[in-house]
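Below: one structure, written as structure tokens.
The values are calculated or read from the model by the stated rules, or taken from the named source; none is laboratory data. Values in this document were obtained by computation on a predicted structure and should not be read as measured data. All Cβ positions, even for glycine, are placed from backbone atoms using ideal geometry, and neighbour counts span all protein chains on display.
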Amino acid sequence: MSEENKLQVPEMLHKRLAEVHLTEVRSLLSLQKLVEDLVREQDMPNQDEDGELQQQYRVELRQKLKRMPAQEVAYILESLEPNERLVVWDEVKEGADPILALLSDDVLEELIDDSHYRNEKTAVTAFELQDGRLRQLAVTCPEDLNDVQPIWVDLIAPTKKIRAWMSKLFDVDLPDPGNLTDIEASARFYVDEEGHTHLHSDFLLDTRDESRNVPVALILQNDVLFTVRSEELPVFRLQRARARTRPGYVSNGTDVLLDLYAADVEYSANALEDVYAELDRVGRQVLRSHTTDQEASKILTAISEAEDLNGRTRRSVLDTRRALSFLLHGKFLSKTQTNDVREILRDIESLDGHTAFLFNKINFLMDATDSAININQNKDIKRLTVLSVIFMPINVLAGMGGMSEFSMMTEGIPWPIAYSAMVVAMVGIGTLTYFGLRFFERRRTSSSHAANRRTD
């Protein structure tokens, strides 16, 4: 074997090994995505098991990548699709300088660009009408949109590169999801020079751990809707499910836009029902005959969380009303769509009154809880006052026992007898004081009850 062939053999082995590792990584990514889709799209009772399985695949992927040399990891990153590449990059980006030195410029730019979005999975999804239903298409490159006429393009945490080629394909200016923080109506709802309608709305996200408002940019261009956001939202999942399963549910991007707002109102209504149920449970605890300080502390926490969710829901609903009013006054809608908007606005009006009612209920329960805490504190102060009254004469006798005059008074009496008598006297006086206070308290209570009966 020649020297040249001897040098080629290790190189071929390294390449074969890298390809084997690439196949293994792709398999783990496919399994992880499969479990993730099941957890996200279905209401399954075994979500905890699926979450553990997903975490197991991620740990296995992390360990496998950790054992690979930088050259093989770089080869895998170059070979994967963009979404898969980001998942792998999240596992190897710590101390990845040797890997970065081996990557091409395009891949390097993609991995480093918009790094503050790497905690969220970047995804681009296009939807086109097919037999009256929405057909979903995952987009990873511009070529995926060839021969596709979408009515809705949904982007989650898009990078600058993705926004650039989307702008080139559709001639639309997509904003950075991190900059959707404008407050003025002129910056949130407007029509640009090219006639594209821009809406920046806050959608409610209510989870078990927290609730917050997520800003979403909605751009309507020639009946094609573009939505840009930083994370997945339940309203969008609901909209996708309905449009895929119901023929004729939507016919263009404007219908999708209005249905997203309608779904947000419905989602907000469900959140308000949860708030009411929580306040009803808390109210039963507050209105019991006795509430301890520990229970009151938990009640205050629950009331505060309910108030926060109610406020965020109100914010989302009012923001939706502003957006719909803009569409209605701008005359962008057909007659049927106008009727749909007016129906949504009527639902919002009812929710607005409900949020006001819940705020009043929250204030009442907060005041009732504060009153329960004050009552407990008054009881503690009363006990301390009674104890101080009981021990007052005892303290007087104890003070007398410590004076020299006491020795003079008990002269000729053995000191054990004298001090024992003083102790008995202290106990007797304390007992008489206690029962005397109880007698007068019962007498006062009886007099009060008698006065109430005479009044009735």
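Miscellaneous remarks
- Checking region 304-323 against the condition returns a match, with at least one residue being assigned to a helix (DSSP H, G or I), among the hydrophobic types (A, V, I, L, M, F, W, C) and more than 30 Å from Asn222 (Cβ to Cβ).
- Of all residues in region 120-171, those that are within 31 Å of the chain's Cα centre (by Cα) and part of a loop (DSSP other than H, G, I, E, B) total 8.
- When Val9, Val35, Val39 are checked against the criterion of being closer than 24 Å to Gln136 by Cα, out of contact with any strand residue (DSSP E or B) (no Cβ under 8 Å at 6 or more places or on another chain), part of a helix (DSSP H, G or I) and modelled with pLDDT under 70, Val39 stands alone in meeting it.
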